[in-house]
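Asks: Before anything else, here's the structure in question.
The values are calculated or read from the model by the stated rules, or taken from the named source; none is laboratory data. Bear in mind the structure is a predicted one, so any value in this text is a computation, not a measurement. Note that we place each Cβ from the backbone using ideal geometry, even for glycine, and neighbour counts take in every protein chain shown.
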Amino acid sequence: MASFRKRGNSWQYEISYKKADGSYGKIRKSGFKTKKAAKFEADEIENDLKKGYNAELEDLPLYEYFARWFDTYKKGVVSDITALKYRDTYRSLKKYAPELTVKTLDRLKYQELLNKYALTHAKETTGKLNTQIRAALNDAIIDGYITINPTLNAVIKGGKPSKKSSEKYINYSELKQLINFFKTDWESNKTSYTAILLCSVTGIRVAELLGLTWDNINLKTGRISIEKSWDYKLKSGFKSLKNDSSERVIFIDKEMISILKKYKDFQEEYSEENLLNNVFYHKIYGVPTPENFNKHIKKFCIDNKIEPIISIHGLRHTFASALLYKGVSIFKVSKILGHKNVSVTQSVYTHIIKELDDLENDKIKELQNELFV
C-alpha cells in the first residue's frame, strides 16, 4: 500500500512490498509537483509488483543487460558469425542509448532509440536490431526486471534505403563482357581472375568458392563437388556449409575446365606451400579475400561504365538472373544455387519472375490473336 506526504514544495510516495524471502522493503521517490502525479506513478509500480516486478534487482544500462543476456543464453549456442551480429547490437545500444536502463525503458523511449538508429541504417537492418533486443527483453520479463516488453508494436523505419535486388546484378551482355575481360587478361592476376570467372559461370557462394580444394574438382568431367566452405570473416579455416541443400554438385563447360587446368599448372610451382590443397591460394597472401575480388570487379565496372558496380556476390545474382531469363526452371536454379528451398529463390528473384511473367502474358495474347486468324 502506498502512502504520500508533502516535502516542501513537492510530493513523495512510499510503497511497502513483500520480498521473496518474506521480509518487507520500501520504495520511495520524491520530487512530484502534485500528489496526483505521485499517485499515478505509485499505482503503476504497485501494479507491476503484482505482475512479478522485482524491485530488488539492480537496474542496469540496457546495453549491459543485453551483454549479460547474450553471455547467459546465446554464447556457445549460436554460430560465430551470428555472435558477431549480437556484438554489433550491443555496440549500437552503447552508442545510441548509453543512458537507457532496463527498468526505466518504456515504449516511447524505445521508439526514439529505433528512430535514431534508423536515420543511418536500412529498414531491414533496423528490424534485425529490434528482433534481438525484443528477445533479450522477453527474458527480462521472466527475470522480473520489467512486466511489459517495450518493443511491442515498435515501428520499424529506415533512413538509408535497402539495396534492391535489381541493383545487385548486371545484365546478360555485361556478364559476357566481364567474362571476356577476365579471360583475356587472365595472365595478369591468375588467382583472382580464375575465382571471378568460376563464380561468373556457376553462381557459387564466395565462402564455397574459397572452400574448394582440388579434390573437389574433376577436370576431366567438369564436375565440382561443393562439400565445405571457408570462414573468411573469422579466418578460422574450413567450416560446414550454410545448410544441407548447399551440399551439391555443379558442372562447368570446357572453357572453364581449360582455365582451371592452366591455373592448376601455374599453382604447382608452389604447391608445397599450399598445405590445405586450396584451389584458390596465393603464395604470398594465402587464401584471397572477397575484398580482393571486389576490387577487380569494381575497377572493371568503372572502366567500362557499367552500373551498378557489383561485388563477387553480385555475380551469383547475375548468373541466377541469366539462368532465369534463358528459361531455366526456378526449381533447377534453386538447386544450382544451393538454396534451402525454392521459396527462398522465389523471394530473392521476385523482380525477375515478375518480368518473365509479363513476357509469358504477351506470348499468351499473341497465341490468342493467332487463333482468330
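Asks: Just name the residue that is nearest to SER225 (Cα to Cα) out of those in region 248-280 that are at pLDDT below 95 and among the aromatic types (Phe, Trp, Tyr).
Replies: Only one residue fits best here, namely PHE266.
Asks: Let me ask you something else. When you go through (1) at pLDDT 95 or above; (2) closer than 15 Å to LEU276 by Cα; (3) in contact with a strand residue (DSSP E or B) (Cβ under 8 Å, 6 or more places away or on another chain) one by one for GLU227, which number turns out not to apply?
Replies: (3)
Asks: Taking region 250-308 as the region of interest, how many residues are aliphatic (A, V, I, L, M) and closer than 18 Å to GLU187 by Cα? Give the derivation first.
Replies: To start, the set of residues in region 250-308 that are aliphatic (A, V, I, L, M) comprises 250, 252, 256-257, 259-260, 275-276, 279, 284, 287, 297, 302, 306.
Cutting the leftovers down to closer than 18 Å to GLU187 by Cα gives us 256-257, 259-260, 279, 284, 297.
Summing the residues that are aliphatic (A, V, I, L, M) and closer than 18 Å to GLU187 by Cα in region 250-308 gives 7.
Asks: Can you say whether LYS183 is within 16 Å of PHE293 (Cα to Cα), of a type in the set (D, E, K, R) and modelled with pLDDT of 95 or more, as far as the supplied structure shows? Spell out the reasoning first.
Replies: Working: within 16 Å of PHE293 (Cα to Cα): yes; of a type in the set (D, E, K, R): yes; modelled with pLDDT of 95 or more: yes.
So LYS183 fits the description; yes.
Asks: Would you check which residues across region 219-273 are in a helix (DSSP H, G or I), within 26 Å of the chain's Cα centre (by Cα) and surrounded by 15 or more Cβ atoms within 10 Å (Cβ to Cβ) and list them?
Replies: Passing the criteria: SER245, SER246.
Asks: Here's a check for you: in region 307-325, which residue that is in a loop (DSSP other than H, G, I, E, B) and among the aliphatic types (A, V, I, L, M) is surrounded by the fewest Cβ atoms within 10 Å (Cβ to Cβ)?
Replies: Residues of region 307-325 that are in a loop (DSSP other than H, G, I, E, B), as a first pass: 307-311.
Of the ones still in play, those that are also among the aliphatic types (A, V, I, L, M) are 309-310.
Details: ILE309: 15, ILE310: 24.
Looking at the filtered set, the residue picked out is ILE309.
So that you can scan it fast, the table gives a plain yes or no per residue for (1) buried (at least 21 other Cβ atoms within 10 Å of the Cβ); (2) among the hydroxyl-bearing types (Ser, Thr, Tyr); (3) touching a residue at least 40 places away in the same chain (Cβ under 8 Å):
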residue	(1), (2), (3)
ASP106	no, no, yes
LEU119	no, no, yes
LYS123	no, no, no
ASP143	no, no, yes
ILE156	no, no, yes
ILE170	yes, no, yes
LEU178	yes, no, yes
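For (1) more than 30 Å from ASP59 (Cβ to Cβ); (2) modelled with pLDDT under 95; (3) assigned by TED's automatic domain parsing to the domain that holds ILE352, each residue gets a yes or a no:
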site: HIS121; (1), (2), (3): no, yes, no
site: THR125; (1), (2), (3): no, yes, no
site: ASN130; (1), (2), (3): no, no, no
site: ARG134; (1), (2), (3): no, no, no
site: ASP139; (1), (2), (3): no, yes, no
site: ILE148; (1), (2), (3): no, yes, no
site: THR151; (1), (2), (3): no, no, no
site: GLY159; (1), (2), (3): yes, yes, no
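Asks: Among the residues of region 326-366, what is the count of those that are in contact with a helix residue (DSSP H, G or I) (Cβ under 6 Å, 6 or more places away or on another chain), loosely packed, with under 15 Cβ neighbours inside 10 Å and closer than 30 Å to SER240 by Cβ?
Replies: Residues meeting the conditions: 2.
Asks: Now a separate question. If you check every pair at least six apart or on different chains, which have Cβ atoms under 8 Å apart with a residue in region 15-44 that is touching a residue at least 40 places away in the same chain (Cβ under 8 Å) first and a residue that is surrounded by 10 or more Cβ atoms within 10 Å (Cβ to Cβ) and not in a helix (DSSP H, G or I) second?
Replies: Here the result reads ALA42/ALA2; ALA42/PHE4; ALA42/TYR13; ALA42/ILE15; ASP43/ALA2, each pair linking region 15-44 to a residue that is surrounded by 10 or more Cβ atoms within 10 Å (Cβ to Cβ) and not in a helix (DSSP H, G or I).
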